[in-house]
Amino acid sequence: MDIVLNRRGGVPVRDQIVAQLEMRILAGDLAQGQRLPSVRALARRLKVHHNTISAAYQDLEASGHVELQRGSGVFVRRNAPATLGDADGLDDMIKLALQSAFRKGFGEAEIRAAVARWLAATPPDRVLVVDPSLEMAELIAHEIGTAVSVPVSACTVDVLVREPARASGAMTVVLPYHVEAVRRAAPGAAVKVVTLDLAAADREAMVAIPAGSIVLVVSHSATVLPFASVLLRSLRGDEVLVETRLLSEAREWKRLIKAADVVIADALSAAAVARCTPRKVREVKVIPAPALERLRRAPSLVSA
């Protein structure tokens, strides 16, 4: 398990460790149930204080990615929200859902009633993307909107708490680490989990950036910037200089774009960046194509 730390980049070591482990878990590189290195073993490997590793593991536990089992170690969480979506067939999906319901203490009568209620309900005819950050929700909604033929909107978790009716009649899309908050805000919502990932072609393009290049990352969402920074540094170390700016900080990135050898922009930033005629610009997506395809093929989201 390779973790690359940049001790001169200004990003706290703890945050770099959390981000890289989180990306590996979301991408499936670390399998559910897999045991992570012990706190002291990973601390020795990375040459950091063991308290830093312990704090990083606690952050991952708080976000629902790992389980800390006293006396046994740290394990990638089983039955994560993405598991159901990754099931190969309908029988497996139903089996996983029923197992989860029984483990949480629901009785057979309750489960039967819930299944009957859902089967009788009107299928969702729109998509609502929910995230603590409105900008992140808007970015995901934009990418989903290119794949489905129904209305797609975005809102924050706080707004959903105040207005749970927003999820009524919608397929509610959320990232794994916010799913419980969404379910608490709107208990009856039809929730679909998607994960952040980068296409293999985009990774290859980043690896191919010449050493010594200045790379500018521009994103509509502040959530994306630390992930992009950590990913580039994990792929390239100190071979390239990475600068990250929000799309809303136009004066800043327009100034930097003149010096940048490569500009990486998300789907909501690429057009504005391209108008400034950078030397080279690459638009990247944050939702993997297979996830968009699964949404597109959802029967309730395919227009007649």
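General remarks:
- Computed over protein heavy atoms with a 1.4 angstrom probe, the accessible surface ordering of Arg255, Arg184, largest first, is Arg184, Arg255.
- Local electrostatic count at Ala62 - Lys and Arg +1, Asp and Glu -1, tallied over other residues with Cβ under 12 Å: -4
- Relative contact order of the chain, defined on C-alpha pairs under 8 angstrom at six or more residues apart (%): 17 percent
- Intensity falloff of segment 199-304 expressed as log10 I(q)/I(0), Debye formula with alpha-carbon point scatterers, at q = 0.12, 0.15, 0.22 Å⁻¹: -0.43, -0.63, -1.16
- In the elastic network of the chain, a GNM with C-alpha springs shorter than 10 Å, the most mobile of Ile111, Ile144, Ile264 is Ile111.
- Taking the Cα centre of segment 100-250 as origin and assigning +1 to Lys and Arg Cβ atoms and -1 to Asp and Glu Cβ atoms, the resulting dipole is close to 660 debye.
- Cα centroids of segment 252-274 and segment 130-204: 26 Å apart.
- Counting only alpha carbon atoms, the long axis of helix 108-120 and the longest principal axis of the chain meet at about 80°.
- Relative contact order of segment 162-304, taken over Cα pairs closer than 8 Å and 6 or more residues apart, is 22 percent.
- The residues Asp15, Asp266, Asp2, sorted by heavy-atom accessible surface at 1.4 Å with ligands and nucleic acids left out, run Asp2, Asp15, Asp266 from largest to smallest.
- Counting Lys and Arg as +1 and Asp and Glu as -1 over every other residue whose Cβ lies under 9 Å from the Cβ of Ala270, the net charge comes to -1.
- Pairs of lysine residues in the chain - Cα separation under 23 Å, sequence separation of 8 or more or cross-chain: 7
- Assigned charges on the beta-carbon of Lys, Arg, Asp, Glu; the chain dipole about Cα centre (debye): 540 debye
- Tilt relative to the chain, helix 224-236 - C-alpha long axis, 0 to 90 degrees, to 10: 60 degrees
- Coupling constants for segment 179-189 follow from the phi torsions by the Karplus curve (6.51 cos²θ - 1.76 cosθ + 1.60, θ = phi - 60°), and in residue order they are 5, 5, 5, 5, 5, 5, 5, 9, x, x, 5 Hz; glycine and proline get x.
- Taking the chain as a Gaussian network of alpha-carbon nodes connected by springs under 10 Å, the highest mean-square fluctuation of the residues Gln69, Gln58, Gln34 belongs to Gln69.
- Near Asp131, once Lys and Arg are set to +1 and Asp and Glu to -1 for all other residues with Cβ below 11 Å from its Cβ, the sum equals -3.
- Over the chain, accessible surface divided per residue gives 53 Å², non-protein components excluded, 1.4 Å probe.
- For the chain, modelled as a GNM whose springs connect Cα atoms under 10 angstrom apart, the maximal fluctuation among Ala170, Ala181, Ala272 occurs at Ala272.
- The helix-only estimate of mean residue ellipticity at 222 nm for the chain, built from DSSP H runs of length n ≥ 4 each weighted as -39500 (n - 2.57), is -13000 deg cm²/dmol after division by the residue total.
- Over segment 3-48, all Cα pairs binned in 10 Å intervals from 0 give whole-percent P(r) values of 24, 53, 22, 1, listed from short to long.
- Charge-dipole axis of the chain as Lys and Arg at +1 and Asp and Glu at -1 on Cβ define it, positive-most pick from Val148, Ala109, Leu232: Leu232
- As a fraction of the 1.4 Å probe accessible area of the chain, surface on carbon and sulfur atoms comes out at 53 percent.
- Surface listing: Tyr177, Tyr57 arranged by accessible area from highest to lowest gives Tyr177, Tyr57, probe 1.4 Å.
- The angle between the Cα long axis of helix 90-103 and the main principal axis of the chain comes to about 80°, on a 0 to 90 degree scale.
- Shape of the chain from the C-alpha gyration tensor: oblate (a/c of 1.5 or more and a/b not above b/c, with a ≥ b ≥ c the square roots of its eigenvalues).
The values are calculated or read from the model by the stated rules, or taken from the named source; none is laboratory data. Nothing here was measured: the structure is a model prediction, and the numbers come from that model. Cβ sites come from the backbone with ideal geometry, for glycine too, and all protein chains shown count toward neighbours. Areas reflect the complete protein model, heavy atoms only, side chains present, ligands, DNA and RNA absent. Shrake-Rupley method; radii C 1.70, N 1.55, O 1.52, S 1.80 Å.
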